[in-house]
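**Q** Let me give you the structure first, and then I'll get to my questions.
The values are calculated or read from the model by the stated rules, or taken from the named source; none is laboratory data. Small disclaimer: the values here were computed from a predicted structure and weren't measured. Backbone-built Cβ (ideal geometry, glycine too); neighbour counts: all protein chains shown.
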Amino acid sequence: MEAGSIAKWNVSEGEEFAAGDSLCEVETDKATVDFEAQDEGVVARILASSGPGEIQCGEPIMIVVEDSEDVDAFKDYTVDPSSSGTAVKEEPTSSATTPPPPAPPAPVAVTPPPTPTPTSTPTSGDRVVASPLAHMLAKELGFDISQISGTGPNGRIIAADVKEFTPAAASTSTLTESSTPLTETPLSPIPGVGYTDYPLTASAKEIAARLAASKSNVPHYYLTVDLELDSLLSLRTRLNAAVGEEDAGITLNDLLIKAAACSMKAVPSVNASWMESVVRVYENVDINVAIGAGDGLITPLISDANKKGLKSISDDLSSFLAAVESEEGISSESCGMGTFTVLNLGMYGISSCAPIITEPQAAALALGTAENRIVPNEDDDSEEIYREAVMLTATLSCDHRVVDGAVGAQWLSAFKKHVENPDTLLL
């Protein structure tokens, strides 16, 4: 690391801190990490402001003192812009000049081993003391981090504490995501000479960071299979005719989502998450379905897809699409974190796609366009060597830590069986 920025200050001037407290969050080009205090003290003056501004290593960012009575002596200290960035000077308030204090040492990333006895008060005042990874995991899992007991130094919450936490009112078989607004005020474009910059919203930055982290952290591999859809389309026609909705009603996408949910019964280990020390397999199948929303995608959640009928899944998706097209947009409660993701790009003419897995899920399924293809004729009584069939290419992205090649192949085989023999979806 040569330079970084301060994402957020966790202390204010005049505030006392103890060893192990997070003074601020330092954002680098790869991650956001805590700058932990190595000893106790008092914040006398904050020299560097939080925000996107870049700070070179070696530049002072704050002044600390041992006694709160010494705080006022440094209230007028500022960074000397003409210096190399390692000296501080005091604006003269009298004839006597106080020599500048030494710059604080650069943060050293040290992870102490957790103590076996958890403490019941992991907070300092109203501030929760936790590692960045613990904050991220708590947010993804929908936990209130202030309710989690920390086993780190001075009661600091670490990632293992979040993974082992079981909230009393939450189901242990379903992943949920904290509720956040899905609509943000678009930022104004910034025109330039021959180009235009479009500023990113906070949610867009967060999504980009999560995708980048997932692609870096998860060992992806991909399995692809071709599916014949004639029997599935025939079932769709019969079902819609039975309910009097020949032009609408149940769609091909509804049937494929149901087939994915049913495949989890044959190979439940795909409906799982990597939890560092264990692999967690979920009982319920909660499927995030990617839906286009303007220039981006949202992923509303179909909960308990393994227990719902085709009509119920179809109604859920129809309500999501109607909400996306309305002025209000889809509610944040409808977009929790599921256990599996389905992405259908067939409407855009895409034949196949290798999706990025959404952590902490272990797999994601991408569906291509349905198209007529010439395939070998397996009917021994027919004189024709080839026949025409409606085909679709499906690609399963797998986390190799959870789903190895054989298991992924078994899941795709079960998915193919349900699609090509759709009567099994009604069992």
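**Q** Which of the following residues is touching a residue at least 60 places away in the same chain (Cβ under 8 Å) and surrounded by fewer than 16 Cβ atoms within 10 Å (Cβ to Cβ): Ser277, Ser273, Ser214? Walk me through how you get there before you give the answer.
**A** Numbers: Ser273 fails: surrounded by fewer than 16 Cβ atoms within 10 Å (Cβ to Cβ); Ser214 fails: surrounded by fewer than 16 Cβ atoms within 10 Å (Cβ to Cβ).
Exactly one residue qualifies, and that residue is Ser277.
**Q** Take Thr341 and decide whether it is over 26 Å from Met391 (Cα atoms) and modelled with pLDDT of 80 or more. Spell out the reasoning first.
**A** On the way: over 26 Å from Met391 (Cα atoms): no; modelled with pLDDT of 80 or more: yes.
Spelling it out, it is not the case that Thr341 is over 26 Å from Met391 (Cα atoms) and modelled with pLDDT of 80 or more.
**Q** If a residue must be in a helix (DSSP H, G or I) and of a type in the set (Ser, Thr, Tyr), how many such residues does the range 343-356 contain?
**A** Just the residues of the range 343-356 that are in a helix (DSSP H, G or I), to begin with: 346-348.
Still in the running and of a type in the set (Ser, Thr, Tyr): 348.
Counting residues in the range 343-356 that are in a helix (DSSP H, G or I) and of a type in the set (Ser, Thr, Tyr) gives 1.
**Q** Can you tell me which condition Val33 does not meet? The list is (1) more than 24 Å from Glu206 (Cα to Cα); (2) assigned to a strand (DSSP E or B), and all the others hold.
**A** That leaves (1) as the condition not met.
**Q** Hey, another quick one. Glu359: acidic (Asp, Glu), without any contact (Cβ under 8 Å) to a residue 24 or more places away in the chain and part of a loop (DSSP other than H, G, I, E, B), yes or no? Quick ask: steps written out before the conclusion?
**A** Numbers: acidic (Asp, Glu): yes; without any contact (Cβ under 8 Å) to a residue 24 or more places away in the chain: no; part of a loop (DSSP other than H, G, I, E, B): yes.
Criteria not met by Glu359.
**Q** Check every one of the helices (runs of 4 or more DSSP H) wholly within the range 105-217 and list those with 2 or more residues that are of a type in the set (D, E, K, R) and modelled with pLDDT under 75. Talk me through it step by step, then tell me what you get.
**A** Details: elements: 132-141, 159-164, 202-217.
Answer list for the range 105-217: 132-141, 159-164.
**Q** Look through the range 377-427, keep the residues that are in a helix (DSSP H, G or I) and basic (Lys, Arg), and return whichever of them is surrounded by the most Cβ atoms within 10 Å (Cβ to Cβ).
**A** Step one: filter the range 377-427 for residues in a helix (DSSP H, G or I), giving 405-420, 422-426.
Among the residues that remain, those that are also basic (Lys, Arg) are: 416-417.
Working: Lys416: 17, Lys417: 15.
Step by step, filter the range 377-427, then rank; the result is Lys416.
**Q** Quick check on Val342: is it over 18 Å from the mean Cα position of the chain (by Cα) and assigned by TED's automatic domain parsing to the domain that holds Pro300? Spell out how you get there, then give the answer.
**A** Working: over 18 Å from the mean Cα position of the chain (by Cα): no; assigned by TED's automatic domain parsing to the domain that holds Pro300: yes.
So Val342 fails the test.
**Q** Filter the range 310-353 for residues that are exposed (fewer than 14 other Cβ atoms within 10 Å of the Cβ) and under 22 Å from Leu227 (Cα atoms) and give the result.
**A** Passing the criteria: Met347, Tyr348, Gly349, Ser351.
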